Amino acid sequence: KFMSYIKKVDKNQKDVVKALRDYGSQVYLLHTVGGGIPDLMVCYNDQTILMEVKDGEDKKLTPQQITLFANWQGGPLFRVNSVQEAIDVLKSYEL
């Protein structure tokens, strides 16, 4: 049932990845992992940050993503809906 979610990449993901890299972070693509795992692992200022990219606030999380967000016990995890939101996350980790 959830396999259909694995290959779906939000339209803005490419732009978000480029902006994050241009801002100086390392970005690793995780969108093919599935199981609710967020789209991106971002390394910035000695932090490892997970980001789920959605193309707008009206886009819904999958059931597996909702479960992961609700039960997450790891490091920083964000949903970002735009390039600006992704950059704002990085800015929050600046010294």
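The values are calculated or read from the model by the stated rules, or taken from the named source; none is laboratory data. Computed from a predicted model, the values in this text were never measured in an experiment. With ligands, DNA and RNA removed, areas are computed over all heavy atoms of the protein, side chains included. Shrake-Rupley method; radii C 1.70, N 1.55, O 1.52, S 1.80 Å.
Mean separation of Cα pairs under 8 Å and 6 or more residues apart, divided by the residue count, gives the chain a relative contact order of 28 percent.
Heavy-atom accessible area with a 1.4 Å probe sorts Tyr28, Tyr44, Tyr23, largest first, into Tyr28, Tyr23, Tyr44. Solvent-accessible area assigned to carbon and sulfur over the chain amounts to 53 percent, based on a 1.4 Å probe.
Annotation: the antiparallel percentage among DSSP beta bridges lying fully within the chain is about 70. Calculated translational diffusion coefficient of the range 35-78 (20 °C, 1.002 mPa s; Stokes-Einstein with Kirkwood radius over alpha-carbon pairs) equals 192 µm²/s. Once divided by 2.2 N^0.38 Å, the Cα radius of gyration of the chain becomes 1.02.
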